[in-house]
Structure formats: structure tokens, C-alpha cells
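Read-outs: derived from the displayed coordinates by stated rules, not from any lab. Predicted model only: the values in this text are computed from it and were never measured. Virtual Cβ from ideal backbone geometry, glycine too; neighbours counted across all protein chains shown.
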Amino acid sequence: MKAGYWMGCIATMAIVGGAQAQPAQVPPAPPAVMPTTPAAPPSAPPVATPAATPAATPAARPADVATVDGIVAALYDVISGTAGQPRDWDRMRSLFAPEGRLMAVGARPEGVYALRAMTVEDYIARNSKAFATMGFFEREAARSTETFGQIVHVFSTYESRHARGDAEPFQRGINSIQLYNDGKRWWIVNVLWRAEDASLRLPERYLPKH
């Protein structure tokens, strides 16, 4: 996708804008920053770095986190809406483990592929401005699930539309969603997605069964 590709979640997720037929373009990496203090010699003992205190996770809606179906549905629902419709970002925050990430795979111009990783806050910051002027609705079209104990992998085929009633999606792809259950509720650990484009079409096994 184009620039909008990196805004999408899931979205997950989400792929806001960009021509479906064009491979994704990844912005170049920022230049390296020179350290302001000299590096410690290899023999120096490690220095403990205080861990950042994570922000408290907002309370989740019980129905959102009680089941795998519930948390996946909540993820798609919370990012969807008409242009200018405020998203309930605290609801989105409540779905993710504090360490949770959203990541997209896209092609660089030279033909290699790169990973763009975002925190939930990164995702919110990147998408809020776009959602103010553009409608975006994402739905799950098909799913396969693997489970072992408290961990679940949901391989979710998504369709993205600018309006809920659009006959055809402007984009499709796969959201690879990792979940875990702490004994009280489900948490999203990671969402990794890849959009369909001219070089990569969704195979039949990932399409809805009619």
C-alpha cells in the first residue's frame, strides 16, 4: 500500500487508503542518532536501567474480553466508523496487553520487505487525523484459529471499506492476531498484518466459505 498502509490495523488492521494494486512503500528509516555519552568498555559491568512505568490499562468491557470471538470483534469494531466519528480509543487500549504491538509488513522500492512496528499509542496517533476526514470500516471475512493452553493464534482475513455499505472492499489482507488468557480475560499481544496487492493474492483457503 501507499502511506495509508502503515496506518491500518489490523488492522488489523487497517489499511487506510492506497491503491490495492500497488505494493506497499515503506518510508526510509530515520538516521542514526549519535550517543551523547561514551559507550562503556566491554568489560564494564551492566548498568541497570529503570523500567518505564506503563500507563494503567483502561477497564475493558466484560463482553469484549470474555471470549476470543468477543475480543476479535471488538478490535474490528473499535477502529471502524464514518469520517469524523470519534473512536473509543480507551476501548482499544483496554484490549491490548501493556506490551502489545501492531505491526505491518510492506515492500520497499528496492524489492525487499520491511516491518513497521507500533505501540497502541503509535497507532492511535497515526490514525486519528486520517479518521477525522475519511470513513473506514474493517470487517472479518474468514478466520482460522490455533489454540494451545492459554495462547491462541487467530489468522483473520479482513476487508476494508470507506463506507459500511460499499459493495466491494478497497483492500483485503490478513491480520495475524496473537492472544493470551491470564485466567481472568483475553488480551491481544500482537497484531501483524499484510495487505493483498498485485503481487500477492489471498488464496482460496483464506476466503469466506459459501
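Can you pull out the trypsin sites (Lys or Arg not before Pro) in segment 154-203 whose DSSP state is coil and whose Cβ has at most 14 other Cβ atoms within 10 Å? Display every interim value, and only then the final one.
Values: sites: Arg161, Arg164, Arg172, Lys184, Arg185, Arg194, Arg201; in loops: Arg164, Lys184, Arg185, Arg201.
Here the sparse-neighbourhood loop sites are Arg164, Lys184, Arg201.
Can you tell me what the convex hull of the Cα atoms of segment 62-206 projects to on average, as an area in nm²?
Values: hull surface 38.3 nm².
Mean projected area of the Cα convex hull: 9.6 nm².
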Ordered by residue, what ³J(HN,Hα) values in Hz, to whole numbers, does segment 109-117 give under the Karplus form 6.51 cos²θ - 1.76 cosθ + 1.60, where θ = phi - 60° and Gly and Pro are x?
-> x, 7, x, 9, 10, 9, 10, 10, 9
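Could you line up Met92, Met134 from fewest to most neighbouring Cβ atoms inside 10 Å?
Numbers: Met92 22, Met134 16.
So the ranking, lowest neighbour count to highest, is Met134, Met92.
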From the phi of every residue in segment 56-62, what ³J(HN,Hα) in whole Hz does the Karplus formula 6.51 cos²θ - 1.76 cosθ + 1.60 yield, where θ is phi - 60° and glycine or proline is x?
-> 5, 6, x, 4, 8, 5, x
Report the net charge of residues surrounding Met92, where surrounding means a beta-carbon distance below 11 angstrom and charges are Lys +1, Arg +1, Asp -1, Glu -1.
-> -2
Magnitude of the Cβ-charge dipole (Lys and Arg +1, Asp and Glu -1) of segment 62-206 about the Cα centre, nearest 20 debye, reported as 160 debye
Gly135's amide H: which non-local residues (gap 5+, or another chain) put their own amide H closer than 5 Å, with H modeled 1.01 Å from N in plane and none for Pro or chain starts?
-> Ala83
Of the options Val189, Ala63, His153, report the single residue whose Cα projects farthest towards the positive end of the charge dipole of segment 62-206 (beta-carbon charges: Lys, Arg +1; Asp, Glu -1).
-> Val189
Fewest-first ranking of Glu138, Glu196, using other Cβ atoms within 10 Å as the exposure measure | Glu196, Glu138
In order over segment 153-160: 3J(HN,Hα) from phi, Karplus 6.51/-1.76/1.60, θ = phi - 60°, whole Hz, x for each Gly or Pro, gives 10, 9, 9, 10, 7, 10, 10, 10
Tyr158's amide H: which non-local residues (gap 5+, or another chain) put their own amide H closer than 5 Å, with H modeled 1.01 Å from N in plane and none for Pro or chain starts?
-> Ala141, Gly173, Ile174, Asn175
Based on other C-beta atoms within 10 Å, arrange Tyr206, Tyr76 from fewest to most.
-> Tyr206, Tyr76
